[in-house]
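Undergrad: Take a look at this one; I'll ask things after.
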Amino acid sequence: MRMNMLPARFRMFAAVLAPACALVACGGGGDDAGNTNPSANATRERPQSFFAPVKGTPAEAAVKGMWSVPYNWPLIAVHAVLLPDGRVLTYGSKGDGTQGGSFIYDVWDGSGAPDAGHMTLPNGTGTDLFCSSQVLLPPASPSAGAGVFIAGGDVWNTSTNSTTNSPNNNSNVFSNSDNSVARGVNMNRSRWYSSSITLVNGETYIQGGSGGTDFPEIRGLNGQFRVLSSAGTGAFDFMYPRNFVAPDGRVFGFDSNGKMYYVVTTGAGSVTQIGQLAAPTGSDASAAMFRPGRILQFGGSSAGAQVIDITGGSPVVTPTNSLSSQRRLVNATVLANGHVLATGGSSVWNQLTGVNNSAEMWNPQTGQWTRGAEGTNARLYHGNALLLPDGSVLVAGGGASQAIAGPSGPLNNLNAEVYYPPYLFAADGTAAPRPSIVAAPDWWDIGKTITVDTAGAASISRVTLVKTGSATHSFNMDQRFLDLTFNGTGSRLAVQVPTRGADAPPGYYMMFVFNEAGVPSVAKIVRVGIAANPNPAVTPVLTPPAARTGTVGIGDSLSLSASDPNGDALTYSATALPPGLAIDASSGVISGTPTLAGSYNVVVSVSDGINAASASFVWTINNEVPLVLSALAMPAPAQVNGDATFSATATGLNPRYKWDFGDGSAETAWSSVGNAAHTYTRAGIFNVTL
């Protein structure tokens, strides 16, 4: 039925109930915690989501998208992380919306409406996670569990039951398997308002934060920390530096004052300042890497926007079209199609002045912004946004006290809204039919080619990859977007995994497939492993065959020799083969019996589904040589009961011989080797008449 006829209380998704069990003890603020077992649902499969907004869709939904109604949320989602099973981790306030990450955190099931399917759990670590930085750790192996690393945060004074507004050096890890948060090794610096990103080698780079401006540090794969003592970052603002993995593997970043820099993260590290953005961006601006090495920066101090291109030796900054208004405290979210969504913000910092609740979308191909539908609630300081696997965007948060510049603001948003982008709608405003991913590998290695089964692969127009989000304070620390190369045959796609480790740092990604109308599937969340070689060879190697000769009517075969540098399965093909010969696509063996003489310029190829190698050679097929048996010469005289030797000669291709004396004795077998001449000795000759 048409989506605008759905009843008002119709849920977005099929709700999944979480069983109620006893909680573990918490370190404080227990009254804010729920009563759901943190290990529940840890191993369950995430149900397939489907599009079904709660309210009727407007006629212009295919151009502007639409918003859901606001839903209750258990806390202010200052921090939000998309987990590998499609659930969402949020934290940052108490249950009443006041500041404090010492008490509770929440895991939303992600398969129901945003006001259902929550596990609100006690934080027993003793760490106030408020205004920390967080990133989803990459998987160490296909069997490894997932975790969210959380760096630092505020300090809560338990004796006065209040914040101290000061940094801590704690590290914590949320476990996706049992939903617990546990303390790790302390960092070398206290960090409040820092940034954390995943490097190509799987380590975590942590920079900035009050208390940690002097040097960044690295969290190794073993959970231990080391300071980059030769990479002093004290000249840069501490407040959530906007850092990205650059195409060459270094860290590129810029601070709130627009200072740009590169950081080398090996050894003791090094830092190089490489210029200044034309205008300070402000800590309330946002940015997103919308293609490898290309960053859209916008909001904050002005309505302007600019593209920072770091694909070359030095950053190239180019203005692009401006937003519809100045949006301070705006959030950038890369959508499933690679467009960048702006949500939240106002023209006056954290005030209801010049509020812009519209969803604005920037098109990388045109540089144009499209102003979309209007949400209900203003999202200002501590507002958040996160792309979900169904292609919609969870927009939540805003409020809770903040320590740097004044009160919490005009709203404490213990609620969330969902924005449905235009790509989910048909022209008439109904939900657009979506393609689907039937099967795909869970684990991806850089450089490999993988197979994806879809419903209607022949109509698939695009395959994209979006890193799962980890967002706070107008910055999604780990999101990035890639278009993937693919070929489709029937219902099966051959898809090229990114070939450069810096383009797709290890971690969790959402893969979307699009139909010809530009409608995305529900994503499959996949794991990209830590690459032993971050820039592997991807093209198969084929040994060129030597020139070859054959003859009409004589069977022949040739085995091709090929290998793939990253172990992909190979498929063989050949063109211009001599008639009568054919190639086995899986083994690479060419065999058959030639039927027509000639000189054939054969081209043989091998492919992993995306990358191919070819070689050519000449295969000459000669005509059949007529077989002519010469008259037999008289044998030499032989004694009675002695041996007699008979000789025969013939012309032709590899003639073989057999003898029949016509005296009742059995004829001989064919000679085993072809030759122009043949002799046969018959023992014990007597009474023979020739």
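Undergrad: State the number of residues belonging to the range 601-624 that are open to solvent by 30 Å² or more (accessible area, probe 1.4 Å) and among the charged types (D, E, K, R).
TA: Adding up the residues that qualify gives 1.
Undergrad: Could you identify the single residue in N515, N533 that is under 30 Å from V604 (Cβ atoms) and polar (S, T, N, Q)?
TA: Only one candidate passes the filter, namely N533.
Undergrad: Here is a further query. Which ones in the range 666-676 are open to solvent by less than 80 Å² (accessible area, probe 1.4 Å) and modelled with pLDDT under 85?
TA: If the condition is that a residue be open to solvent by less than 80 Å² (accessible area, probe 1.4 Å) and modelled with pLDDT under 85, then G674, A676 are the ones that fit.
Undergrad: Would you confirm whether any residue within the range 140-154 is polar (S, T, N, Q), out of contact with any Leu (no Cβ under 6 Å at 6 or more places or on another chain) and closer than 30 Å to N415 by Cα?
TA: No, there is no match, as no residue in the range 140-154 is polar (S, T, N, Q), out of contact with any Leu (no Cβ under 6 Å at 6 or more places or on another chain) and closer than 30 Å to N415 by Cα.
Undergrad: Does the range 133-149 contain at least one residue that is among the β-branched types (V, I, T), open to solvent by 40 Å² or more (accessible area, probe 1.4 Å) and farther than 15 Å from L228 by Cα?
TA: The answer is no, given that none of the residues of the range 133-149 is among the β-branched types (V, I, T), open to solvent by 40 Å² or more (accessible area, probe 1.4 Å) and farther than 15 Å from L228 by Cα.
Undergrad: Does the range 545-561 contain at least one residue that is within 12 Å of the chain's Cα centre (by Cα), outside any strand (DSSP E or B) and not small (G, A, S)?
TA: Scanning the range 545-561, I find no residue that is within 12 Å of the chain's Cα centre (by Cα), outside any strand (DSSP E or B) and not small (G, A, S), so the answer is no.
Undergrad: Residues to consider are N123, N72; find the one that is at pLDDT 95 or above and open to solvent by 20 Å² or more (accessible area, probe 1.4 Å).
TA: None of the other options fit; the residue is N72.
Undergrad: Shifting gears a bit: Taking the range 149-191 on its own, how many of its residues are under 20 Å from R242 (Cα atoms), assigned to a strand (DSSP E or B) and touching a Lys or Arg at 6+ places or on another chain (Cβ under 9 Å)?
TA: Result for the range 149-191: 2.
Undergrad: I need a count of the residues in the range 249-271 that are open to solvent by less than 30 Å² (accessible area, probe 1.4 Å) and not in a loop (DSSP other than H, G, I, E, B).
TA: Summing the residues that are open to solvent by less than 30 Å² (accessible area, probe 1.4 Å) and not in a loop (DSSP other than H, G, I, E, B) in the range 249-271 gives 8.
Undergrad: Could you pull out the residue among T160, T120, T164, T127 that is more than 26 Å from S195 (Cβ to Cβ) and free of Cβ contacts under 8 Å to residues at least 60 places away in the same chain?
TA: Just one listed residue meets the conditions, T160.
Undergrad: OK, next. Of all residues in the range 117-143, which are closer than 17 Å to A182 by Cα, within 28 Å of the chain's Cα centre (by Cα) and small (G, A, S)?
TA: Scanning the range 117-143 gives S132, S133.
Per-residue answers, yes or no, for (1) in a loop (DSSP other than H, G, I, E, B); (2) farther than 12 Å from S133 by Cα:
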{"site": "Y193", "(1), (2)": "no, no"}
{"site": "G202", "(1), (2)": "yes, yes"}
{"site": "Q207", "(1), (2)": "no, no"}
{"site": "F215", "(1), (2)": "yes, yes"}
{"site": "G223", "(1), (2)": "yes, yes"}
{"site": "Y240", "(1), (2)": "yes, no"}
{"site": "F244", "(1), (2)": "no, yes"}
{"site": "P247", "(1), (2)": "yes, yes"}
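Undergrad: Considering the range 568-593 alone, what residues qualify as being open to solvent by 60 Å² or more (accessible area, probe 1.4 Å) and farther than 27 Å from E624 by Cα?
TA: A569, T571, S586
Undergrad: Residue check, F103 against (1) aromatic (F, W, Y); (2) over 30 Å from the mean Cα position of the chain (by Cα); (3) within 18 Å of G469 (Cβ to Cβ), all met but one. Which one?
TA: Going through the list (1) aromatic (F, W, Y); (2) over 30 Å from the mean Cα position of the chain (by Cα); (3) within 18 Å of G469 (Cβ to Cβ), F103 breaks only (3).
Undergrad: Quick check, is T333 open to solvent by 40 Å² or more (accessible area, probe 1.4 Å) and within 29 Å of the chain's Cα centre (by Cα)?
TA: So T333 fails the test.
Undergrad: Looking only at the range 509-544, filter to residues that are within 30 Å of V589 (Cβ to Cβ) and open to solvent by 50 Å² or more (accessible area, probe 1.4 Å); which one of those is farthest from the chain's Cα centre (by Cα)?
TA: Among them, the one singled out is P544.
Undergrad: Being within 30 Å of the chain's Cα centre (by Cα), hydroxyl-bearing (S, T, Y) and surrounded by fewer than 20 Cβ atoms within 10 Å (Cβ to Cβ) is the filter here; which residues of the range 150-178 pass it?
TA: Hits for the range 150-178 are S175, S177.
Undergrad: Sort out which residues of the range 518-549 are in contact with a Phe, Trp or Tyr (Cβ under 7 Å, 6 or more places away or on another chain) and more than 28 Å from G507 (Cα to Cα), and write them in order of number.
TA: P544, P545, A546, A547, R548
Undergrad: Same structure, new question: Any idea which of (1) part of a strand (DSSP E or B); (2) over 21 Å from I525 (Cα atoms); (3) of a type outside the set (A, V, I, L, M) is the one G124 doesn't satisfy?
TA: Status for G124: all satisfied but (1).
Undergrad: Right, another one. Can you name the number of the only condition in (1) among the small types (G, A, S); (2) assigned to a strand (DSSP E or B); (3) open to solvent by less than 20 Å² (accessible area, probe 1.4 Å) that G488 fails?
TA: That leaves (3) as the condition not met.
The values are calculated or read from the model by the stated rules, or taken from the named source; none is laboratory data. For clarity, every value in this text was computed on a predicted model and none was experimentally measured. Here Cβ is always computed from backbone atoms with ideal geometry, including for glycine, and neighbour counts include all displayed protein chains. Please note that ligands, DNA and RNA were not included when accessible areas were found on the heavy atoms of the full protein model with its side chains. Shrake-Rupley method; radii C 1.70, N 1.55, O 1.52, S 1.80 Å.
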